[in-house]
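A quick write-up on the structure given underneath.
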Amino acid sequence: MDRNPDLNTISHVGVVQSVDSRQTVVEIVSTSACAACHAKGLCTASEAAKKEVVVPTDPSVAYSVGEEVDVVLAESLGLKAVLISYVVPLSILLILVVSLSYTNLHEVLAGLIGVAAAGIYYLILYLRRDAISKEYSFQLRKRLS
């Protein structure tokens, strides 16, 4: 992940997998923090995950399969994604567990209610995924050689 302070964007290097008139599919390899370590081949802690990102095709720019590109997202949208996916459910969980523990409810039950509430929050996010995905539009940039 690279941050460009001039444009306030977050970008990842990706490889174009397919291109059509409507969408371009790009594969991003997300690596763990220890990807640069010289011992990563011997260590079981390092990991890499491949993710596919679907980006609307820009008709004014031609991309070819196998080409390296930058997948760009506004930094503010990245921060909003962290807030939606991590901060809000953690807050729900903590607020419920702490407040229910003051009501003399058994700790295990308070914990289960907190986890269930966070699960319901994630279910609501899942059901609204189409509306949320429209807000997060990735863009592609050609990589400078």
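The values are calculated or read from the model by the stated rules, or taken from the named source; none is laboratory data. None of the values given here were measured: they were computed from a predicted structure. A quick note on method: Cβ atoms are made from the backbone with ideal geometry, for glycine too, and the neighbour counts reach across all protein chains shown. Heavy atoms of the whole protein, side chains included, go into the accessibility calculation; ligands, DNA and RNA do not. Shrake-Rupley method; radii C 1.70, N 1.55, O 1.52, S 1.80 Å.
Quick notes
- Per-residue HN-Hα couplings for region 124-135 [Karplus 6.51, -1.76, 1.60; θ = phi - 60°; Hz; x = Gly/Pro]: 4, 4, 4, 5, 9, 4, 5, 5, 5, 5, 5, 6
- Ordering of 50-58, 65-73 by burial proxy (mean other Cβ atoms within 10 Å per residue, highest first): 65-73, 50-58
- Accessible area per residue, Å², region 78-145 with all protein chains present, probe 1.4 Å: 77
- Remark on residue 138: its backbone amide H falls under 5 Å from none of the residues 5 or more positions apart or on other chains, H modelled at 1.01 Å from N.
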